[in-house]
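Student: Structure provided below as structure tokens; questions to follow.
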């Protein structure tokens, strides 16, 4: 049984983790506290190298990691100045193991759930198609929730990718994501979206629900516990009423 949930702020993002904590505490029996950035609170001497080992080098290569001195130095700078980090995908399971080992032994038990809100993109390897997939969260201890993943992991509307291909054919290059987002109509979240905090609430609840019940996700698309694969689904599940399916409403409303 989860008695305590500890959320960790992501100061380089627009996510208001204190607001997420208030939302969560009103719905669960566990005590909820909010701490500063996980990578500051639980910094270890080997953390930069562990992140270097978790770097994904190619979307289609299972092996990860580059521990050359320059890469480790980059990761050290990213720990000190998180606003300078970006454009790197990390193996979420490797990062999870690294952060678990950084926890204090007294807080590592499953009665205390740690949820770092991260400013880094994380992914998991898909054995079914031989490629990496970006994720919003990786459940377990600690449960990772990625703010960039909220914008980048779910697939955008078809019009987005058609416009991307059209630009590539005309110019020979892919335009910046920001340009496409401004040109394509459709419902999807963009970087620094004002709906970020609200959308993250459901993903944090998924982390608690998994550790408390063993159930990973809900199959109903209109429930906060649904694992959305498309932005339209994410918006339906996280930003529209009802917040929960009938079964999970009994637990969390």
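Student: Under 10 Å, Cα contacts only: if you run a Gaussian network model on the chain, which one of 163, 191, 107 comes out with the highest mean-square fluctuation?
Tutor: Maximum fluctuation in the GNM of the chain, among the listed residues, is at 163.
Student: Round to the nearest 0.05 the FRET efficiency obtained for residue 40 and residue 170 when R0 = 41 Å and r is the Cβ-Cβ distance.
Tutor: Efficiency, from the Cβ-Cβ distance: 0.35.
Student: Taking other Cβ within 10 Å of each residue's Cβ, how do 223, 218 sort, fewest first?
Tutor: Neighbour counts put them in this order, fewest first: 218, 223.
Student: A further question follows. Take the Cα coordinates of the range 42-129, assign each an equal point scatterer, and use the Debye formula without solvent to give log10 I(q)/I(0) at q = 0.13 Å⁻¹.
Tutor: Each listed q corresponds, in turn, to -0.45.
Student: At a Förster distance of 41 Å, what's the computed FRET efficiency of residue 76 paired with residue 253, Cβ-Cβ distance as r, to 0.05?
Tutor: Rounded to the nearest 0.05, the efficiency is 0.40.
Student: At a threshold of 8 angstrom on Cα-Cα distance, excluding pairs fewer than six apart, so keeping six or more, what relative contact order does the chain reach in percent?
Tutor: Over the chain, the number comes to 19 percent.
Student: So, in nm, how far is label residue 215 from label residue 97 when the simple model puts each one 7 Å beyond its Cα toward the Cβ?
Tutor: The answer from the label model is 3.1 nm.
Student: While we're on this one: For a quick check, take a GNM of the chain with Cα springs below 10 Å and name the residue from 220, 37, 135 with the largest mean-square fluctuation.
Tutor: Looking only at 220, 37, 135, the biggest GNM fluctuation is shown by 220.
Student: Right, another one. Full-extension gain between residue 106 and residue 68, please, as 0.36 nm times their residue separation minus the C-alpha to C-alpha distance.
Tutor: 10.3 nm
Student: Sticking with this one: Mind giving me the nanometre distance, one decimal, between the label points for residue 83 and residue 31, set 7 Å out from Cα along Cα→Cβ?
Tutor: Each label point lies 7 Å from its Cα, and together they span 3.5 nm.
Student: In a solvent-free Debye calculation with one equal scatterer on each Cα, what is log10 I(q)/I(0) for the range 4-252 at q = 0.15 Å⁻¹, listed in the order of the q values?
Tutor: Cα-only, vacuum Debye calculation for the range 4-252: -1.12.
Student: On to the next question. What translational diffusion coefficient, in µm²/s and rounded to a whole number, does the Stokes-Einstein relation yield for the range 1-48 at 20 °C and a viscosity of 1.002 mPa s, taking the hydrodynamic radius as the Kirkwood radius over Cα pairs?
Tutor: The estimated diffusion coefficient comes to 181 µm²/s.
Student: I want to verify a result. In a Gaussian network model of the chain, Cα cutoff 10 Å, which of these has the top mean-square fluctuation: 151, 74, 161?
Tutor: 161
Student: Among bridges DSSP assigns within the chain, what percent are antiparallel (round to 5)?
Tutor: Counting DSSP beta bridges with both partners in the chain, the antiparallel share is about 35 percent.
No lab work stands behind these numbers, since they all come straight from the coordinates. Given the structure is predicted, the values throughout are model-derived calculations rather than measurements. With ideal geometry, Cβ positions are generated from the backbone for all residues, glycine too; neighbour counts draw on all protein chains shown.
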